[in-house]
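In what follows, a single structure is set out as structure tokens and then discussed.
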Amino acid sequence: MNTGVVTGGWSYVWAAYSLTAGALFLYGVSLFVRVRRIVQ
Amino acid sequence: MEFAVDVRGVSRRYGRRWALAEVSLAVPTGAVAMIAGSNGSGKSTLLRILATAIRPDLGDALVGGFSVKKEREDVRRLTALLSHYSYLYEALNARENLSLFGDPNAVLARVGLAARAEDPISSYSAGMRKRLSFARVLLQQPKVVLLDEPYGQLDPEGFRLVDEVVSELRGKATIVMATHQVERVGKFADVKFELAQGRLR
Amino acid sequence: MLRKELLLQWRTRAQFMAVFVFGAASLLLFSFAIGPNSVALRTFSAGFLWLGLLLSSTLTLSESFHAEMENRALEGLLLIPTSPQAIYYAKTIANWLQLALLGIALVPVMVVLYDAGPQSIGRLLLVILLGSAGLSAPGTLYAGMTAQLRAKQTLLPLLFFPLIVPALLASVKATSLAVLGDPMDQGRSWITLLSAFVAIYWSLCGLLFGRVIEE
Amino acid sequence: MIVMRERSIVPGIVLLLLAAWFGFAVALANHYGLDVSFGISTGLQAAIAAIAGIVGAVYFLVSDNLGPSLKAARLLVVLGIACFLLGSWYGLFVAPPEKFMGQVQRIMYVHVPTAWNGLLAITFGFVCACVFLFKSDWKWDARLEASIEVGVLLSFLLCCQGAIWAKPTWGVWWDWDPRLTTTAVLVFAFLGILALRRFVEDPLRRAVWSSVATIIAYVDVPIVYFSVKWWNSLHQQQSSPQTVSSQFYLPLRMNAFGVLFIMTGFIMLRSRIARERVEQELAPPLPRAVEMQEAV
């Protein structure tokens, strides 16, 4: 572990959050579309 | 045991197609049964189910009183299947192939392959392979013999061989034979069934 | 059963030679990745040996089920009846012997190409025996599975490689210690890990093999 | 036809609400000066939350047919998104930066929930595999496919988040840390199983083989972890657990439940799709003899 304080780093936080949210969102949309096709 | 083979409402599907649909039949112990039917009518599927090579999707069958669904080990001990797969190792010779199942010497002579016993299977013709498969069935000393197209690919001499072996086994074992040689087998079969589209006719 | 397996392998010994040449060639190729740096080559020799063995093993494993599937001989064996466990262990032992032999045969190639004379030959042999046992147990199971498929060449490595990470890691570490010297006797703990892996996989895969080949 | 066995949605909802209550609602209320803990100690609260959360999720997963319209799954996904948004907002804007790692530490609020739930999904897949091998019921095959797929997705995201987090803290994208390496191996192992499922056409074989492969891969994961840990023991660097104050664990838990709800909903939807596929592949129920005759 580094001894110093990590400064900044908001960009990394945004990257991690948007990656996760984006991937889950896309997967979810594909699921909903496929399920809708089945149920009809 | 009154019936050596007792099939009760067996159905089996391959993908979206039912190869066997609610087939029920019984073969008395010691009898020779013939199953006729055109290609794809479910003959092989039925024999493979009886030999426990595949499981039925619905229904059950008793072989020698044992269920092909639950008591597979016992069924396997009683049965021998002459399949359209030869079950042979190409790299081994006839003697080595048979020695997996028992002592090969006597049966090799019986099926007329003693002279070629040391040749690898890869050099065998289709008819010779069939004879060797026949030898394998004899070696297992089954109580229920399941023959799938035993006459296929054999020469006239081979036809006689099959007839002889069947008459030798008669009484000692129950024989279920799927064949297109309806007239030939019809003469000596005790029970006859016909399958069409996976159903008993 | 085991006799049949060994006989089968003996009959196809030309195959073994081909696999050996493949393994040796891959060892040769790995050295180009490093360049003519003798120190680095010696350091990485263990890793290369096991990578070569791993790549060759997929050939051996898939070939070992080729004979079974050709005429459905495996089904014939099951119907005798033979227990799937007996079939599995016979095959696994046969594959193990073949892989161990291959590994031992590759050692001189490694020594010559990478100038990596082992410090402890006994330890090296033990590691090769254990490591190839670790490869053969899950490898035989997956080969039995994928042999029944059309896409076997792709799927076998895909399923097999991630699984044997621990076995590979332990083998590489232990081999490397046997080659480069082991002043702190760390090799022992790697060999323990490898043995544990082998024990788990030989028992687990034996249990599950029946489900894979029976229909 | 799939026989839909309707099951009440109420017990699952009650369990999940209980979990969410003790998981983060108590702490949230406490933040605004309210005490709704009914005098239960924090340790017990956490235990109740974890158990009720897992049991509630499993209740939904094993009754993935709460009405044919899959209302329950949709409800869970919406609930999950709400929790996740709330937790993320709290974690990103309300909670203070950590002492050493600063803002980057906020990745933890999404990273740890992903890890927990990814592992949970894979574990559920393992359970499905075992149950399928014993019961040969197609429902479990569909659940296996769904949970493995969602588990792989979460584990893959976990790897990416790990890499993003590693860059500012360790200076490299990838470190051969046991957790990172194990997750990567896990992703590849289970991706292989998903590929296997694509290549096998016979549904029964596909189900049995993927169950077997799942069991083996699952058993492998802890072995990989320990071997990599051993391999790495010289330059091992693990974040030591520190006493986390409620300001840190509040967003963590909110997000954990958010991802849990989303994951459960996804698995339910995905297993519905998988079941549809099996149903398409298997023969329809036996036609009556009369119809057979007509078809000839």
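The values are calculated or read from the model by the stated rules, or taken from the named source; none is laboratory data. None of the values given here were measured: they were computed from a predicted structure. Every residue, glycine as well, gets a Cβ built from its backbone with ideal geometry; the counts of neighbours run over all protein chains shown.
With respect to D:VAL127, is the statement that it is more than 9 Å from chain A (Cβ to nearest Cβ), closer than 19 Å to D:SER210 by Cβ, part of a helix (DSSP H, G or I) and out of contact with any helix residue (DSSP H, G or I) (no Cβ under 8 Å at 6 or more places or on another chain) true? I'd like the intermediate steps shown before the answer.
On the way: more than 9 Å from chain A (Cβ to nearest Cβ): yes; closer than 19 Å to D:SER210 by Cβ: yes; part of a helix (DSSP H, G or I): yes; out of contact with any helix residue (DSSP H, G or I) (no Cβ under 8 Å at 6 or more places or on another chain): yes.
Criteria met by D:VAL127.
Answer with yes or no whether B:LYS130 is basic (Lys, Arg), touching a Leu at 6+ places or on another chain (Cβ under 6 Å) and under 23 Å from B:GLY42 (Cβ atoms). Outline the logic, then answer.
Details: basic (Lys, Arg): yes; touching a Leu at 6+ places or on another chain (Cβ under 6 Å): yes; under 23 Å from B:GLY42 (Cβ atoms): yes.
Answer is yes for this residue.
Could you list, ordered by first residue, the pairs with Cβ atoms under 9 Å in which the first is in the stretch A:20-40 and within 17 Å of D:ALA146 (Cβ to Cβ) and the second is surrounded by 11 or more Cβ atoms within 10 Å (Cβ to Cβ) and aromatic (Phe, Trp, Tyr), at least 6 apart or interchain?
A:ALA23/D:PHE156; A:LEU24/D:PHE84; A:LEU24/D:PHE266; A:TYR27/D:PHE266; A:GLY28/D:PHE266; A:LEU31/D:PHE266
Taking the stretch A:12-34 as the region of interest, how many residues are under 8 Å from the mean Cα position of the chain (by Cα) and at the interface with chain D (Cβ under 7 Å from one of its Cβ atoms)? Please lay out each step first, then the result.
Taking the stretch A:12-34 and keeping what is under 8 Å from the mean Cα position of the chain (by Cα), we get A:16-25.
Next, only the ones that are at the interface with chain D (Cβ under 7 Å from one of its Cβ atoms) stay: A:16-17, A:19-20, A:23-24.
Within the stretch A:12-34, residues that are under 8 Å from the mean Cα position of the chain (by Cα) and at the interface with chain D (Cβ under 7 Å from one of its Cβ atoms) number 6.
Is it the case that D:LEU260 is more than 10 Å from chain C (Cβ to nearest Cβ), buried (at least 19 other Cβ atoms within 10 Å of the Cβ), modelled with pLDDT of 70 or more and in contact with a His (Cβ under 8 Å, 6 or more places away or on another chain)?
no
In this structure, is C:TRP10 farther than 26 Å from C:ARG150 by Cβ and under 17 Å from the mean Cα position of the chain (by Cα)?
Values: farther than 26 Å from C:ARG150 by Cβ: yes; under 17 Å from the mean Cα position of the chain (by Cα): no.
No, not satisfied.
Select from the stretch B:92-108 the residues that are in contact with a Phe, Trp or Tyr (Cβ under 9 Å, 6 or more places away or on another chain) and either at the interface with chain C (Cβ under 8 Å from one of its Cβ atoms) or in a loop (DSSP other than H, G, I, E, B) (or both) and list them in ascending order. Break it down stepwise before answering.
First, pick out the residues of the stretch B:92-108 that are in contact with a Phe, Trp or Tyr (Cβ under 9 Å, 6 or more places away or on another chain): B:94, B:96-97, B:100, B:107.
Listed by number, the residues that qualify are B:GLU96, B:LEU100.
When you go through D:PRO97, D:PRO178, D:PRO168 one by one, which is the residue that is away from chain A (no Cβ under 11 Å) and modelled with pLDDT under 85?
Only one candidate passes the filter, namely D:PRO178.
Inspect all residues belonging to the stretch C:70-90 and state whether any of them is more than 11 Å from chain B (Cβ to nearest Cβ), under 17 Å from C:PHE16 (Cα atoms), out of contact with any strand residue (DSSP E or B) (no Cβ under 6 Å at 6 or more places or on another chain) and not charged (D, E, K, R).
Taking every residue of the stretch C:70-90 in turn, none turns out to be more than 11 Å from chain B (Cβ to nearest Cβ), under 17 Å from C:PHE16 (Cα atoms), out of contact with any strand residue (DSSP E or B) (no Cβ under 6 Å at 6 or more places or on another chain) and not charged (D, E, K, R).
Every residue, every condition in (1) of a type in the set (A, V, I, L, M); (2) part of a helix (DSSP H, G or I); (3) buried (at least 18 other Cβ atoms within 10 Å of the Cβ); (4) under 12 Å from the mean Cα position of the chain (by Cα), yes or no:
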| position | (1), (2), (3), (4) |
| --- | --- |
| B:MET128 | yes, yes, yes, no |
| B:PHE134 | no, yes, yes, yes |
| B:LEU138 | yes, yes, yes, yes |
| B:GLN141 | no, no, no, no |
| B:LEU154 | yes, no, yes, no |
| B:GLY158 | no, yes, yes, no |
| B:LEU161 | yes, yes, yes, no |
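What number of residues within the stretch D:110-148 are surrounded by 22 or more Cβ atoms within 10 Å (Cβ to Cβ), hydroxyl-bearing (Ser, Thr, Tyr) and more than 22 Å from D:VAL187 (Cβ to Cβ)?
Number satisfying all stated conditions: 0.
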